[in-house]
């Protein structure tokens, strides 16, 4: 049996550099990189590195801005209003709009394993 001893003493913490290449082994291999279509492990691990949601959450699960810069909830809890971040573009240069958000929510509701229960309205209809 071989034992490797690695010393980090004397090394300065480097400032992270932007750009470059990340090599990352994800197992099992994800079926998709779009996490809104599945609950599979690899997808949940990789998807958030490729796509962003309206909000992110801190370690205490408090919502923080991401693609939405502000949000409000109606008194009855049935309506959510989001202010979208300006200047966001898709990989093809097209602007990010409320239509994209609606498409994502409707797709989630239709194809995600938990989408139908998550997307229920107050009346119980989907």
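We did not get these values from a lab; they are worked out from the coordinates using the rules stated. As the structure is a prediction and not an experimental result, all values here were calculated from the model. Neighbour counts are summed over all protein chains in view; Cβ atoms, including those assigned to glycine, are modelled from backbone coordinates with ideal geometry.
Worth a mention:
- Residues 85, 114 arranged by fewest to most Cβ contacts within 10 Å: 114, 85
- Mean-position separation - Cα centroids, the stretch 45-83 and the stretch 20-39, in angstrom: 22
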